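Enquirer: Take a look at this one; I'll ask things after.
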Ligand SMILES: [Zn+2]
């Protein structure tokens, strides 16, 4: 069993813990993912996101640099077990040497402050994938969550800005994977229009199965698949089974005060592994098996009972097998499809 996981927030979790004065690192920690858990779970490659949101008192670019220094320090501290990679050749070398691979990504295009020079600098640091937005509008475009926490109504009007279109083009020139997770519906179709190469939704599920706007519609899944892209199964309970299903909603809005899934612990979904299998089956039916990958969102989501930590990946393997996926198909979901996309875009 080999695994490539397109998204986790462990670097942010380490930085926050260090700021609280706790000893926390990548080798071993109390979070959802560390190197020991990855080795136990059968990982080959983990994408480590540098996650930025608009904060007061620090620019997004400074914040991404702060996270980058945490990432680099962890890489140098653990270089016998894991090294940073930018190509599939380097992944293969690490596998041969019995080491894990770390691919650096950015979550939140505001990291660049709208500057293509900053984008190129991040590329030089080894960033090879970036979501154009997180949950706030930024210089590049608009997200699908609106300011008033509406989980159900996608933004079909506001997509990429002119700057966002320039970023899409430059990311493709550089050989950086465009990531549409968190982006508005309109933004997704703008990416389809202005890009030429395969792109990803690193951590998004199927909206037909769970209606949250963080998930992809069937049309999106089909288009992403036709382009050779991959969408990563996200283990966030709220994106797997609607926690408010059957409860009263005012119009399309959830009640104020409910948690925004993804970054704050709060509402616990009752989702279990069978929900993850349902999403996988639906996406495979709609887009074909080749468009499915993994995007756990470990350390960015509330604990999910179905698969709480990285060492539990075998549970997902068996659940998919029980759900009728053949071994070769599960290998594609766990590893092959994302590796193919990396070979296409990163080399
Ligand atoms: Zn996210």
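Enquirer: Please report the relative contact order for the chain, taking Cα pairs under 8 Å with a sequence separation of at least 6, and give it as a percent rounded to a whole number.
Expert: Relative CO of the chain lands at 19 percent.
Enquirer: Which percent, nearest 5, of DSSP beta bridges in the chain are antiparallel?
Expert: Antiparallel: roughly 10 percent of the beta bridges in the chain.
Enquirer: Further question: Take the alpha carbon gyration tensor of region 74-174, find the square roots of its eigenvalues, order them as a ≥ b ≥ c, and report rounded if a/c is under 1.5; if not, report prolate when a/b exceeds b/c, else oblate.
Expert: It is prolate, given that a/c is not under 1.5 and a/b is the larger ratio.
Enquirer: Fewest to most neighbouring Cβ within 10 Å: what's the order for 95, 90?
Expert: Listed from fewest to most nearby Cβ atoms, that is 95, 90.
Enquirer: Can you grab the distance from the C-alpha centre of region 45-80 to the C-alpha centre of region 96-160, Å, no decimals?
Expert: 14
Enquirer: I've got another one for you. Tell me what the chain gives for mean residue ellipticity at 222 nm when only DSSP H runs of n ≥ 4 count, each as -39,500 (n - 2.57), the sum divided by the residue total, rounded to 500 deg cm²/dmol.
Expert: So the helix-based figure for the chain works out to -11000 deg cm²/dmol.
Enquirer: Between residue 315 and residue 95, what is the FRET efficiency for a Förster distance of 35 Å, r being their Cβ-Cβ separation, to the nearest 0.05?
Expert: 0.90
Enquirer: Can you put 299, 155, 218, 80 in order of Cβ neighbours within 10 angstrom, beginning with the fewest?
Expert: Arranged by neighbour count, lowest to highest, 299, 155, 218, 80 become 80, 218, 155, 299.
Enquirer: Still on this structure, please answer the following. Fully extended, how many nm does the chain gain between residue 305 and residue 217 (0.36 nm per residue separation, minus their Cα-Cα distance)?
Expert: Full extension of this stretch gives 29.1 nm more.
Enquirer: Follow-up. Sticking with the crude label model, points 7 Å out along Cα→Cβ, report the distance from residue 118 to residue 28 in nm, one decimal please.
Expert: 3.8
Enquirer: Another question, then. Compute the length gained on full extension between residue 285 and residue 226: take 0.36 nm times their separation in residues and subtract their Cα-Cα distance, giving the result in nm to one decimal.
Expert: 19.9 nm
Enquirer: Between residue 79 and residue 18, what is 0.36 nm times their sequence separation minus the Cα-Cα distance? Round to one decimal in nm.
Expert: The span from residue 79 to residue 18 would gain 19.9 nm if fully extended.
Enquirer: Give the order of 329, 93 when sorted by the count of other beta carbons within 10 angstrom, beginning with the fewest.
Expert: 93, 329
Every number here is computed from the coordinates shown, using simple stated rules; none is lab data. As the structure is a prediction and not an experimental result, all values here were calculated from the model. Please note: Cβ atoms are built from the backbone with ideal geometry, for glycine as well, and neighbour counts cover all protein chains shown.
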